[in-house]
Structure formats: structure tokens, C-alpha cells
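Novice: Take a look at the following structure, please.
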Amino acid sequence: MRRLQPVFDGHLEVVVTVAVTLSLACLLAASLITSPYAVAPVVALLGCAAAVHVGHLVRPKARLRRAAAIGLRRGEFHVVYQPIVDMRTRHCVGVEALLRWGHPKFGVGGPGLFIGELEGTRLLSALTCFVLREANIALTQLPFPQHWHISVNICARHLMEDRFVDDICESAGPILERLVLELTERSCVERTPRVVTALAQLKQRDVRLSLDDFGTGFSNFDLLADFRFDYVKVDRRFLAMRGEARSQFLKSVAALVHTHGAKVVVEGVENAAEHDVLQHSGIDLAQGYWFGKPMAVDQLRAFAWASINT
Ligand code: G
Ligand code: MN
């Protein structure tokens, strides 16, 4: 994943900015010598406009956004699926659809490398629709167990847009009623009338809502009270806690979440020790490398067959 990093590098920005500045200085000097009154102001103005334009194009963030928009059109993005397991029955009860960007030069990267930079842009809404369409195509072709749900990450800006409900319904198609929309706790979603109506409309169609990355933001308890979440996903960083504190913390979160009528999912479970702690902490569901890594559709097909036959 590190290989995606050069997209963020600022080296090109510095080189181009220096080159543009030097060329403009030369142009300006030349025009001052030949015709100091008429040509110089025009050249200077054109130069400033060009510098701003080129500067904008090569800024790391802007470059990343441009590259992602082009990548989406060129089919560089794909979706992988990670199992979510019931802690009581040990059976898979759903999958999370996760976005991957296969950049032709820098390799494959997960959302951690680019989502933050795309936050608040229309492109992120377009990427959510892409994930839903892909999941729709892939999962309707699978022997996909009827009770499995499909989790998809959404962004706050999209949720607050007029077209959110239509976007979700049109892109998800027949998988709509199996959908769990994951909204990260760190996103600043406002409980405006439009958001409330949108969520109510989706709930009427059996779409469920999950609070993602619980414990990493500031407004945990406000969010829990304001939105009727069906699931709360505890961030994997809490699995790194030592000794009794870890199991005490998980028990308290489970008790709190259960009072809100939601289920607790712990994500990032990587080994037997972490799995064992969950068993005695009232946790409902779990996700992580210990149960299954994010997998392509073909692998998911084999996984689904194995789940049906066990
Ligand atoms: O926050 P969210 O649930 O959207 O994050 C899921 C991300 O976490 C995915 O990109 C996935 O690849 C990664 N992931 C899934 N399982 C594990 C795990 O067991 N350990 C770690 N470190 N990361 C994981
Ligand atoms: Mn998620």
C-alpha cells in the first residue's frame, strides 16, 4: 500500500513552481526591455494566472483528486469483501464491501491512503455509488446466503445531499434490503431535517445503519442518542489495550450499545487471543484477519459455498 504514497508527494509541486516562476521572470524581463509600457503588464497578468493554474494542478491534494477522478473513469477501482462473523454461532452473517484503488504506477491501496483527501468532495459520493453497483453485480451472481448483510461505507457529505436516497436505491438495486450503511464517527454529520427524512426513508426499506470506528471521534454518545444505529463498530485500537482493562472496556461498550438497542461489532480481530477476549465481553459480531481477509469476488464465492455447506 505504501506504493500509493508518491501520489501525495510534493516534489513535483516544488519543481514545477520553481520552473514556472523562473520562466515568468525571464518573460517579464524580456518584455520590459522591448516594450516596458504595453507588454509587461499583460505578460505579468498572464504569468500570475498561469502560475495559479499550474500551482492548483500540481498541489498534492488536487493531484490526488484528479488522479482518483480519472482512475474511476478508467476502471482503476475495485471492491473486495470481508466476512463479518456472529460471535455466538461462529457463522458469517455478512460482508463489508471495501474499496481498493489499483493505480497503474503506484500499486493497490486501501481507503486509508486516499479517502481523507477526498472527504467533502462529490467524487466520494460517486465512489460510494460505484461500490454499491459493484456489490450489486457481484453478489446477485453469487450463491449469496439470504441472511447475509452487505456493509458499505458512506460519507457525511453524501448523506446530507438531496440525491442521497435516490443514489443509494438506484445503485444498490436488489441488494438494498440487505444493506448496512456504515457512517464513521469522525464525520461531522448534522441531524438536519433532510438527514432525518433520508434515514427514515431508507429504514422503511429495511436499510440498516452502523456507526463505524466507534471510539475514535469526539461525539460518540451524542451520535448514539441522535441516530438509531443498528450496529456500533468498535475500532480495532481498543484490542491493543492490556489485561483486564480491555475486557472491562468491551463489556462497558457492549452494555451501553445494547441499551440503545444496537449490536456491537469489533473490527480488526487478528489472533486467537483477541478472539477469546470478545467471547466473554458480550460482543455480538466480529470482523478481522482472524476470520477472513478482504477478498475478491471469486474467493468470496468459495467462502460463501463453504459457509452454506457447514
Ligand atoms: O473502518 P473500516 O471498517 O471501514 O476499515 C476497514 C479497513 O480495515 C479495511 O481497509 C480492511 O482492509 C482493514 N482491516 C480489516 N481487518 C483488519 C484486521 O484484522 N487488522 C487490520 N489491521 N486491518 C484490518
Ligand atoms: Mn467500515
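The values are calculated or read from the model by the stated rules, or taken from the named source; none is laboratory data. Computed from a prediction, not measured in an experiment: that's the story for all the values here. Using ideal geometry, Cβ is built from the backbone for each residue, glycine included, and neighbour counts are taken over all protein chains shown.
Novice: Might you let me know whether segment 134-144 holds any residue that is within 19 Å of the chain's Cα centre (by Cα) and among the β-branched types (Val, Ile, Thr)?
Specialist: The answer is no; no qualifying residue exists.
Novice: Sticking with this structure for a sec: Take LYS263 and tell me if it is within 21 Å of THR89 (Cβ to Cβ), more than 16 Å from ligand 2 (Cβ to nearest atom) and modelled with pLDDT of 95 or more.
Specialist: Numbers: within 21 Å of THR89 (Cβ to Cβ): yes; more than 16 Å from ligand 2 (Cβ to nearest atom): no; modelled with pLDDT of 95 or more: yes.
Answer is no for this residue.
Novice: Taking segment 135-160, which residues are in a helix (DSSP H, G or I) and either within 16 Å of ligand 2 (Cβ to nearest atom) or basic (Lys, Arg) (or both)?
Specialist: Taking segment 135-160 and keeping what is in a helix (DSSP H, G or I), we get 135-140, 156-159.
Within segment 135-160, ALA135, ALA156, ARG157, HIS158, LEU159 qualify.
Novice: Could I ask something else about it? Which residues, taken from segment 255-287, are among the small types (Gly, Ala, Ser) and touching a helix residue (DSSP H, G or I) at 6+ places or on another chain (Cβ under 7 Å)? Even if it seems obvious, please write down each step before you answer.
Specialist: Start the filter on segment 255-287 by keeping residues that are among the small types (Gly, Ala, Ser), which leaves 255, 261-262, 268, 272-273, 281-282, 286.
Those that are among the small types (Gly, Ala, Ser) and touching a helix residue (DSSP H, G or I) at 6+ places or on another chain (Cβ under 7 Å): GLY268, SER281, GLY282, ALA286.
Novice: Please enumerate the residues belonging to segment 269-288 that are surrounded by 13 or more Cβ atoms within 10 Å (Cβ to Cβ) and either under 16 Å from ARG242 (Cα atoms) or free of Cβ contacts under 8 Å to residues at least 24 places away in the same chain (or both).
Specialist: VAL269, GLU270, GLU274, HIS275, VAL277, LEU278, SER281
Novice: Is it the case that LEU209 is more than 13 Å from ligand 1 (Cβ to nearest atom) and in contact (Cβ under 8 Å) with a residue 24 or more places away in the chain? Can you show your working first?
Specialist: Details: more than 13 Å from ligand 1 (Cβ to nearest atom): yes; in contact (Cβ under 8 Å) with a residue 24 or more places away in the chain: yes.
So LEU209 fits the description; yes.
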